[in-house]
Structure formats: C-alpha cells, structure tokens
Amino acid sequence: QVQLVESGGGLVQPGGSLRLSCAASGTIFSINAMGWYRQAPGKQRELVASITSGGRTNYADSVKGRFTISRDNAKNTVYLQMNSLKPEDTAVYYCNANIIQSFGGTWDYYWGQGTQVTVSS
C-alpha cells in the first residue's frame, strides 16, 4: 500500500507565498515522476508542475517564474514553492507520483488527498 500525504496549504494574501509538501510512504521500490495538480471549483484538474527522478522539471505557463517544484529522493518527498500568489491560484492542490512497489512490478500513479490553497485579501 502507498500513501501520499500533502501539507502546507492555507489562506494567503495576494502576493504572498506558500510551500506545499507531499511525502510518499508505504511499500515503495522506486519513484519516477512526481507532480502537483490543482482543481478550482467548476474547472478540470490541471497540471501545475512535475519533476522527474533526475530533476527535470515542467511547469504550466500560468505558474512559470512564480512556482518552483523540487524533490528529496531520500525522503520520497516533493515540494512546491509558490510565490507571488494570485487569486486565480486558488484551488485544491493534489500531489501525484508514479511508483513501482517491487522489482519487476508495475508502475502505477497515486494521488494525495488534496490540500486547499486560497489566495484572498
């Protein structure tokens, strides 16, 4: 069994910063890509940022230059540093990871439970 647990969401004023964390635990052999998605009310879930096991990153155009994704492979943890937050960044943020639980097993995608980020004055 694998669990992804997010933390770090909350209420912040426009222009402020938040740092999200997501730790993977359980039976894990290896983790490939990890990423953050978000879903605002009435909208589809969208990719915010992703990072490979080697550190290659990818960002949505809407967050480039403001958000930074990073990971600590020793801790099976991915982070999202969010700066210069805007009201349109308000959403539930979900962690996602591509994980294989045993040698010779299959790669599966796992999701966290989500953490609310609200940007408002």
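What residue, among those in region 19-35 that are farther than 10 Å from Asn98 by Cα and either without any contact (Cβ under 8 Å) to a residue 60 or more places away in the chain or not aliphatic (A, V, I, L, M) (or both), is surrounded by the fewest Cβ atoms within 10 Å (Cβ to Cβ)? If you could, list the steps in order and put the result at the bottom.
Just the residues of region 19-35 that are farther than 10 Å from Asn98 by Cα, to begin with: 19-29.
Then keep just the ones that are either without any contact (Cβ under 8 Å) to a residue 60 or more places away in the chain or not aliphatic (A, V, I, L, M) (or both); that gives 19, 21-23, 25-27, 29.
Working: Arg19: 14, Ser21: 17, Cys22: 26, Ala23: 17, Ser25: 13, Gly26: 12, Thr27: 10, Phe29: 12.
Step by step, filter region 19-35, then rank; the result is Thr27.
I need the full set of residues from region 77-88 which are closer than 16 Å to Gly8 by Cβ and open to solvent by 40 Å² or more (accessible area, probe 1.4 Å), in order please. Spell out the reasoning first.
Of the residues in region 77-88, the ones closer than 16 Å to Gly8 by Cβ are 77-83, 85.
Correct list: Gln81, Asn83.
Which one is modelled with the highest pLDDT, of the residues in region 44-94 that are of a type in the set (A, V, I, L, M, F, W, C) and more than 15 Å from the chain's Cα centre (by Cα)?
Selected residue: Leu85.
Do we have Ile69 as farther than 23 Å from Ser120 by Cβ, open to solvent by less than 40 Å² (accessible area, probe 1.4 Å), part of a strand (DSSP E or B) and without any contact (Cβ under 8 Å) to a residue 60 or more places away in the chain here?
Yes, satisfied.
How do the pairs read when you match residues in region 82-110 that are in contact (Cβ under 8 Å) with a residue 40 or more places away in the chain and more than 13 Å from Leu4 (Cα to Cα) with residues anywhere that are of a type in the set (A, V, I, L, M) and not in a strand (DSSP E or B), using Cβ under 7 Å and keeping only pairs 6 or more apart or on different chains?
Note: pairs meeting the criteria are Thr90/Ala40; Ala91/Ala40; Gln101/Ile28.
Say whether the condition of being touching a residue at least 40 places away in the same chain (Cβ under 8 Å), assigned to a strand (DSSP E or B) and hydrophobic (A, V, I, L, M, F, W, C) is met by at least one residue in region 48-60.
Yes: one or more hits.
Quick one: how many residues across region 82-121 are assigned to a strand (DSSP E or B), in contact with a Lys or Arg (Cβ under 7 Å, 6 or more places away or on another chain) and over 21 Å from Met34 (Cβ atoms)?
Residues that pass the stated criteria total 1.
Residues to consider are Ala74, Ala60, Ala91, Ala49; find the one that is out of contact with any Cys (no Cβ under 7 Å at 6 or more places or on another chain), under 18 Å from Cys22 (Cβ atoms), among the aliphatic types (A, V, I, L, M) and surrounded by fewer than 14 Cβ atoms within 10 Å (Cβ to Cβ).
Details: Ala60 fails: surrounded by fewer than 14 Cβ atoms within 10 Å (Cβ to Cβ); Ala91 fails: surrounded by fewer than 14 Cβ atoms within 10 Å (Cβ to Cβ); Ala49 fails: surrounded by fewer than 14 Cβ atoms within 10 Å (Cβ to Cβ).
Just a single option satisfies the conditions, and that option is Ala74.
The values are calculated or read from the model by the stated rules, or taken from the named source; none is laboratory data. Just so it is clear, the structure is predicted and the values come from calculations on it, not from any experiment. Heads up, the Cβs are rebuilt from the backbone with ideal geometry, glycines too, and the neighbour counts pull from every protein chain shown. These area figures cover heavy atoms from the full protein model, side chains too; ligands, DNA and RNA do not enter into them. Shrake-Rupley method; radii C 1.70, N 1.55, O 1.52, S 1.80 Å.
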